[in-house]
């Protein structure tokens, strides 16, 4: 069985994206631009002792997603401890609601957002009392 081991978020404004994801989720970055031959920043999403993967922010190589278009790629969902506080950070940093918070009954709270570059991502807070 093969597992996902890396993700890439394509953006027009890397510095703005670094600020957005850093402020909202606490991600840190490593500059791999020299190796990639383009603006490319490795994303560290957390400790290696915790479940999850790391990825990268990279310079977009084509047009940005259009509002309302169908998805044409993967959507990453990020686990959070406090859904409402995370949503507030997302909105304060210029993100937008794509699909509001909803319950996965008996399991979690889920919702989807657009980052400052129009990329969609989810957030997920486990909660057995969600309904």
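Each residue of region 12-74 gets 118 Å³ once the volume of the Cα convex hull is shared out per residue.
Our summary gives region 6-126 a relative contact order of 26 percent, counting only alpha carbon pairs under 8 angstrom and 6 or more residues apart. Between the Cα long axis of helix 83-92 and the first principal axis of the chain there is an angle of about 40°, rounded to the nearest 10. Taking only the C-alpha atoms of the chain, Rg followed by Dmax gives 15.1, 48 Å.
Taking the C-alpha atoms only, the angle from helix 14-25 to the longest principal axis of the chain is near 30 degrees.
What residue among 61, 110, 93 shows peak mean-square fluctuation when the chain is described by a Gaussian network model with Cα springs under 10 Å? So, out of 61, 110, 93, the one fluctuating most is 61.
Readers should treat all values here as calculations from the given coordinates under stated rules, not as data from a laboratory. Keep in mind the model is a prediction, meaning the values are calculated, not measured.
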